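Novice: Below is the structure I would like to discuss, written out as structure tokens.
The values are calculated or read from the model by the stated rules, or taken from the named source; none is laboratory data. Please read these numbers as outputs of a predicted model, since none were measured by experiment. Here the Cβ positions follow ideal geometry from the backbone for every residue, glycine too, while neighbour counts run over all protein chains shown.
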Amino acid sequence: MTIHDKKVIGFFSYASPSEVLCTDGAACIIAASEESMKKYIQELYPTKITNRTIRKTRFGEILKGLELGAAYAFDKDSYSIFYPLAKEIGLDVKEANFTEQEKKGNRFFTVQIDFKKMRNKNI
């Protein structure tokens, strides 16, 4: 548990507990705002009417998911909230270059951490 666990990082979307909105690379999308998330849903499912829930997600929830091996795809604004908190607690995360990401056609920056490798490094 960290002092930042309750800090809201952004929003995620799901249709069911096993159907979370993900990128093609199977990373859970985190959007900085509810409006941004609605836009991403429309872009990913333009012809499908989907019954999705959009919910706030906090740093502690994302951290728990990362510890379980999940990957997260942050938009620019949500990563600007997540990144300094992650660095502060010692996570091995990279500074995102969204200009480069956009040149490659990606609007998201994906984070997945090998906690086992990280723990072995610190022993």
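Novice: Out of Lys56, Lys7, report the one residue that is in contact (Cβ under 8 Å) with a residue 60 or more places away in the chain and among the basic types (Lys, Arg). Quick ask: steps written out before the conclusion?
Specialist: Working: Lys56 fails: in contact (Cβ under 8 Å) with a residue 60 or more places away in the chain.
Sole residue among the options that is in contact (Cβ under 8 Å) with a residue 60 or more places away in the chain and among the basic types (Lys, Arg): Lys7.
Novice: Modelled with pLDDT of 95 or more and either in contact with a strand residue (DSSP E or B) (Cβ under 7 Å, 6 or more places away or on another chain) or not small (Gly, Ala, Ser) (or both): does that describe Leu91?
Specialist: Numbers: modelled with pLDDT of 95 or more: no; either in contact with a strand residue (DSSP E or B) (Cβ under 7 Å, 6 or more places away or on another chain) or not small (Gly, Ala, Ser) (or both): yes.
No: the conditions fail for Leu91.
Novice: Of the conditions (1) surrounded by fewer than 16 Cβ atoms within 10 Å (Cβ to Cβ); (2) in contact with a Gly (Cβ under 8 Å, 6 or more places away or on another chain), Thr110 fails just one. Which one is it?
Specialist: With respect to (1) surrounded by fewer than 16 Cβ atoms within 10 Å (Cβ to Cβ); (2) in contact with a Gly (Cβ under 8 Å, 6 or more places away or on another chain), Thr110 is out only on (1).
Novice: Answer yes if at least one residue in the range 42-62 is in a strand (DSSP E or B), hydroxyl-bearing (Ser, Thr, Tyr), out of contact with any Phe, Trp or Tyr (no Cβ under 7 Å at 6 or more places or on another chain) and buried (at least 17 other Cβ atoms within 10 Å of the Cβ), and no otherwise. Walk me through it before giving the result.
Specialist: Initially, the range 42-62 is screened for residues in a strand (DSSP E or B), giving 53-58.
Now narrow it down to the ones that are hydroxyl-bearing (Ser, Thr, Tyr): 53, 57.
Next, from what is left, pick out any that are out of contact with any Phe, Trp or Tyr (no Cβ under 7 Å at 6 or more places or on another chain): none.
There is no residue in the range 42-62 that is in a strand (DSSP E or B), hydroxyl-bearing (Ser, Thr, Tyr), out of contact with any Phe, Trp or Tyr (no Cβ under 7 Å at 6 or more places or on another chain) and buried (at least 17 other Cβ atoms within 10 Å of the Cβ).
Novice: Does the range 15-35 contain at least one residue that is on the phi > 0 side of the Ramachandran plot and assigned to a loop (DSSP other than H, G, I, E, B)?
Specialist: Kept after step one, since they are on the phi > 0 side of the Ramachandran plot, are these residues of the range 15-35: 26.
Within this subset, residues satisfying the condition of being assigned to a loop (DSSP other than H, G, I, E, B) are 26.
The answer is yes; a qualifying residue exists.
Novice: Just one of (1) under 17 Å from Gln112 (Cβ atoms); (2) in contact with a Leu (Cβ under 6 Å, 6 or more places away or on another chain) trips up Gly65, so point out which.
Specialist: Single failed check for Gly65: (2).
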